[in-house]
Amino acid sequence: MKKIKTNAMRMLERQRIDYELREFPLNGQKAAEYLGLPSTMIFKTLVTTDTAGKYFVFCVPTNEELDLKKAAKTVGVKRIEMLKQKELFSLTGYIHGGCSPVGMKKLFPTVIDSSVEKLDTILVSAGHVGMLMELLPKDLVQIINANIASVIK
């Protein structure tokens with residue numbers, strides 16, 4: 001069987017950033033259980049838009065919910081909303097459930113929730129459903145030029 005190599009994995013490898021690929025047969029919420037990890041380590045990637053058509057990416061623990069008001073304030077806009085699922089692939093190159101903050105078609109302003117500061121490693125989508133990349137938070141911040149702020153409810 002051919003191993004899948006995603007844009008996210010290729011980008012980390014080009015930058016010589018170490019990561020460990022973790023595969024699981026379930027959605028993100030259940031991945032923690034399957035992998036025997038706390039759900040606070042696994043971050044989902046959420047894409048939002050403001051009224052002017054600008055896009056913003058947020059990474060938050062899978063067991064948490066993005067606070068849209070806090071998130072908007074963090075990126076300096078009045079209001080943001082979740083991107084419509086049907087627009088995700090054309091904008092990012094990734095599908096719902098397999099959207100990685102790494103290797104999108106374009107680098108959007110990205111914020112990782114401040115709970116990441118308590119972690120030694122973070123897991124984010126590897127760009128394919130059922131695949132996560134585990135890496136150092138500082139490496140993730142560096143490769144996607146992210147900011148860190150409290151953006152969960």
Next item on the list: List every residue pair whose Cβ atoms lie under 9 Å apart, where the two residues are 6 or more positions apart in sequence or sit on different chains, the first residue falls within the stretch 102-120 and is over 13 Å from Asn7 (Cα atoms), and the second residue, located anywhere, is of a type in the set (Asp, Glu).
Entry: Asp113/Glu64; Ser115/Glu64
Notebook entry, point to check: If you go through the stretch 24-50 one residue at a time, how many are surrounded by 16 or more Cβ atoms within 10 Å (Cβ to Cβ) and of a type in the set (Asp, Glu)?
Noted result: 1
Notebook entry, point to check: Which residue pairs have Cβ atoms closer than 6 Å, lie 6 or more positions apart in sequence or on different chains, and pair a first residue in the stretch 1-17 that is within 18 Å of Lys105 (Cβ to Cβ) and modelled with pLDDT of 90 or more with a second residue that is outside any loop (DSSP other than H, G, I, E, B) and of a type in the set (A, V, I, L, M)?
Noted result: Gln15/Ile143
Next item on the list: Being open to solvent by less than 70 Å² (accessible area, probe 1.4 Å) and modelled with pLDDT under 95 is the filter here, so list the residues in the stretch 51-63 that pass it.
Entry: Gly53, Thr62, Asn63
Check: How about the stretch 27-63: which of its residues are in contact (Cβ under 8 Å) with a residue 12 or more places away in the chain, assigned to a loop (DSSP other than H, G, I, E, B) and not small (Gly, Ala, Ser)?
Finding: Asn27, Leu37, Thr51, Lys54, Thr62, Asn63
Notebook entry, point to check: Is one or more of the residues making up the stretch 80-91 touching a helix residue (DSSP H, G or I) at 6+ places or on another chain (Cβ under 8 Å), among the aliphatic types (A, V, I, L, M) and closer than 16 Å to Thr6 by Cβ?
Noted result: no
Margin query: So in the stretch 77-116, with the set limited to residues that are under 17 Å from Leu66 (Cα atoms) and among the charged types (D, E, K, R), which one is surrounded by the most Cβ atoms within 10 Å (Cβ to Cβ)?
Written below: Asp113
Note to self: Give me the residue from the stretch 117-130 that is surrounded by 21 or more Cβ atoms within 10 Å (Cβ to Cβ), of a type outside the set (S, T, N, Q) and touching a strand residue (DSSP E or B) at 6+ places or on another chain (Cβ under 7 Å) and, out of that set, farthest from Leu68 (Cα to Cα).
What the structure shows: Ala126
Next item on the list: Name every residue in the stretch 64-76 that is farther than 23 Å from Ile122 by Cα and open to solvent by less than 30 Å² (accessible area, probe 1.4 Å), in order of residue number.
Entry: Ala72
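Tell me, which residue of the stretch 64-93 that is part of a loop (DSSP other than H, G, I, E, B) and touching a residue at least 60 places away in the same chain (Cβ under 8 Å) is farthest from Ala149 (Cα to Cα)?
Selected residue: Gly93.
The values are calculated or read from the model by the stated rules, or taken from the named source; none is laboratory data. Computed from a prediction, not measured in an experiment: that's the story for all the values here. A quick note on method: Cβ atoms are made from the backbone with ideal geometry, for glycine too, and the neighbour counts reach across all protein chains shown. These accessible areas exclude ligands, DNA and RNA; they are computed on the full protein's heavy atoms, side chains included. Shrake-Rupley method; radii C 1.70, N 1.55, O 1.52, S 1.80 Å.
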